[in-house]
Every structure is written in C-alpha cells, then in structure tokens.
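Read the structure below first, then the notes.
Bear in mind that the values in this text are calculations on the coordinates, not laboratory data. No experiment lies behind these values; they were computed from the predicted model shown. Methodologically, a virtual Cβ is constructed for each residue, glycine included, from the backbone with ideal geometry; neighbour enumeration extends over all protein chains shown.
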Amino acid sequence: MECFEVTGGARLAGRVRVTGAKNSALKLMAAALLAPGRSTIHEVPDILDVSIMSEVLRRLGCDVSYERAPGTGGGRLTIEVPEQPSTETDYDLVRRMRASISVLGPLVARCGSARVALPGGDAIGSRGLDMHISGLERLGATIVSEHGFLVATAPRLTGTSIWLDFPSVGATENLVMAAVLAQGTTVVDNAAREPEIVDLCRMLVEMGARIDGAGTSTITVEGVDSLQPVEVTTVADRIVTGTWAIGAVMTRGDVVIERGVAEHLTVALDKLIDAGATVEALPDGIRVAMEGRPRCVDVVTLPFPGFPTDLQPMAVALAAVSTGTALITENVFEGRFMFVNELVRLGADVRIDGHHAVVRGRERFSSAPVLATDIRAGAGLVLAGLCSDGVTEVQDVHHVDRGYPDFVDQLRGLGARIDRVTRPA
C-alpha cells in the first residue's frame, strides 16, 4: 500500500508548471477515433487515467505511443487509428475510469455501432448516463443495456435538437462528437461551457468539423461526411492550477503557476482575493501570494463559469484553517462531501447538512492517518497535511495519481516536505 507522508509547517513558494488538463486530454484521445490515420496531442499529462485510456484505444485497434517531455509533467501522445477500429471496450478497463464512456459517441458516429462497458470512476455520487443515451437516441441510435454493456447501433446518425436537463460535460462532449459525422444539423441546448468543451470543439474543427457556439450554452453542429487526423495541444489544467493556488493561500506562500489561465478560474480566484490573497495574472501564468491567516469565504459549486466542484475539497480544507465560519454548498455531486470525515480526523470543525457544509476555522490541523476517497479529496488532504502540526499519512494515493502528474516532485519543488512510501497491505 502506497501512501504520502506529509510533514506540516512548510510554506509553498516558487514556480510550478501545469500541463494539459486531464478532463480535456482524455476526450481529445477519444475524438481521435473519428478519423483514420495519425493524430498527435501535446501537453498530455503523465497520469494513470491517460494510461488507462491509451489501453482502451489499443484494444479498439489503435497504435498509441507516449513520449514524456522531461521536467514538464506531460508529453506527446500519438494515436494511429485504423480504417476499421473495433467497436467493443472491455469492462476491466472501463470500470476504472468514467471518462472511457466518451468513446461511445465517436464509435457510433464513425462505425455505426458500439458496445461499451458501463463505466466506473470516483465515488463522488451518482452520475447517470441518461443524457448520453437519450441524446444519442434522438440522433437516431438504438441503445440497449445488456450484461453490463451499452450496445448502440445506428446506420447513420441524423441531426436533431437536443435539450440537456443539466449542462453535463460528459454528455455534451459525447453528443458533439457523435453529431460531427451525423447527417444534417444538430443543436445542443443547455450545453456545458467548460474550457475543456472549447478545447474539444477546437480539435474537432481542426479535423474538419463545423461547430458554432463552443463555450456557450447552445452548440450547433453541421455534420460532415468525414474528418482528418490533426496535431493539437491540450488546454492547461484549471483544476491543478486551482489546487496550487489554494495551496499557496493555505500555507501563506507565494507561488507562480506557469501556464495557468486566470480566465478559466475567475470565481475561484475571486474567492482567494476575498480570503486576503494577492492574485496576479502574468503573461505566462498566475501568481498567488498570501500573508497572514486567510479569512473564511462562502463557496457555492456550479457548472462553469461557477466555482468548480473539483476544487470543493480544497475549498473546505482552506476554510478549515481560516478565520471565521464559511458555508460551502455542493450543487453538482451529492457524494463530494464523503472526504469530510477524513478532514475531521485532522481536527477540522465541519458540520454537514444535506448539500451544505458549515466550516469553522482553526489555526492548524492535528496530524493523523487519513484516506483519499477520490482524486480531489486526496489532493485536498495533502494540502491539509501541509498545515498540520506533525506528519500526516494520506492513504490510497492511487486516486491522486489519476489526476496529478509528478505530484510529490512538484510539491517538493515548492518547498513541501512530502514522501511517497510503501506500507504493508
């Protein structure tokens, strides 16, 4: 069993570089299925989820290679897509990562059929596939669930109008990838607006797709007959950027986050300013600095451009070492507060009431063994460990590996005292 040993008391200071967004790179990899030939994606993070998605593509018949760029946390991914890819994904891979469902739309659109195992992923709440399925059905696909697989068939998808009950990122991505090869025009209303959606649409347009409205709540796709492989660069990871920014404030540090895009974190950075931090947009990133103890600020998670749910664990950890009382409201994933019990083990004063958390700040945490329940909870617990009075052991760190490249090395580069150790299971 691998865990992190985090020694409290360090102040994060220096420069850290953010590579491409996990939540974008995985979808760009899926989009490569839409065109035979070689597509190249730069700034792909060197994380476990990318390895899993690479194997998903290999089992679909693709030749996938990854070349790490030294000292960056990312690298170049090359995908050779065959003329006739396989159309079935294996359960043993898909159950490990929810993003693997994103191959459903491209396979149905290009091959006319797909058999995709129902996915797994983080235990942060129910994230049903109803909008994926109903949207594809409106495009003309027939979908049934059998033996743990979604089986979709469609001789040729046909453009239509689709309204999403919630601006789901995954559903928006799957439906746009399906619509680019559909016959006619598709309009997706109440679409997600995240930067990762814009990044995917940018790649699709470079492949030859016709898309308007990326980054707005209405995306219009005019179907084309075929697409071509491309070479693209993944957008910077705003969640990793936000993690380093909040870490700087929690530890009263001074961090320059290279490649960070302030416009992708407007609400989160405004909250840090309200907490007393100095936030400066730079030509090559963002600088976040904090003197003294931060003030508590209320946070409400919402789809983009609101406060990201993926930064909510860090927001709770920040409030727990700030002055005053904060109300944290979770509106996206009902299971996102699962990690709070672990934070309480560190001495945090947090009370949960439905989708609200009342957090009363204290000077610092009391070190203890804790368990990472998902990617972001693990990162939040490590930041809490940096503000503890001793050595905090964070277990189940494989979750963190799914979202943060070179996590230990990057923290050490900022002055943190953290080690990755192996314990008997």
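Given R0 = 41 Å, the distance between the Cβ atoms of ARG417 and VAL300 translates into a calculated FRET efficiency of 0.75.
Largest GNM mean-square fluctuation across SER322, SER100, SER51, computed for the chain with C-alpha springs under 10 Å, falls on SER51.
In plain terms, the chain from ASP130 to ASP349 could stretch by 75.1 nm, reckoned as 0.36 nm per residue minus the Cα-Cα distance.
Under the shape rule built on the C-alpha gyration tensor, where the axes satisfy a ≥ b ≥ c, the stretch 273-425 is rounded, since a/c falls short of 1.5. Put simply, the amide H of GLY253, placed in the peptide plane, has neighbours under 5 Å in LEU12, MET290, leaving out anything fewer than 5 places away on its chain.
Here is how the number arises for the chain: DSSP H runs of 4 or more residues each give -39500 (n - 2.57), the sum is divided by the residue count, and the result at 222 nm is -8500 deg cm²/dmol.
Extension gain for the segment ARG15 to VAL151, taken as residue separation times 0.36 nm less the Cα-Cα distance, is 44.2 nm to one decimal.
Using the Cβ-Cβ distance between THR185 and LEU327 with R0 set to 45 Å, the FRET efficiency works out to roughly 0.55.
Please work out whether the chain counts as rounded, prolate or oblate from its C-alpha gyration tensor, where a ≥ b ≥ c are the square roots of the eigenvalues and a/c under 1.5 means rounded, while otherwise a/b larger than b/c means prolate and anything else oblate? Taking the square roots of the gyration eigenvalues as a ≥ b ≥ c, the chain is prolate. Residues of the stretch 377-399 with an amide N closer than 18 Å to a point placed 7 Å from the Cα of GLU2 along the Cα-to-Cβ direction: 377-383, 393-399. With the cut-off at 1.5 for a/c, could you classify the stretch 22-233 from its C-alpha gyration tensor as rounded, prolate or oblate? Rounded. Here the Karplus relation 6.51 cos²θ - 1.76 cosθ + 1.60, evaluated at θ = phi - 60°, turns the backbone of the stretch 97-107 into coupling constants of 7, 5, 4, 5, 5, 5, 7, 4, x, x, 5 Hz, with x for every Gly and Pro. The calculated FRET efficiency for ASP165 paired with VAL358, based on their beta-carbon distance and R0 = 25 Å, is about 0.25. Amide H contacts of THR19: ASP237, each under 5 Å away and 5 or more positions distant or on a separate chain (H built 1.01 Å from N in the peptide plane; Pro and chain starts excluded).
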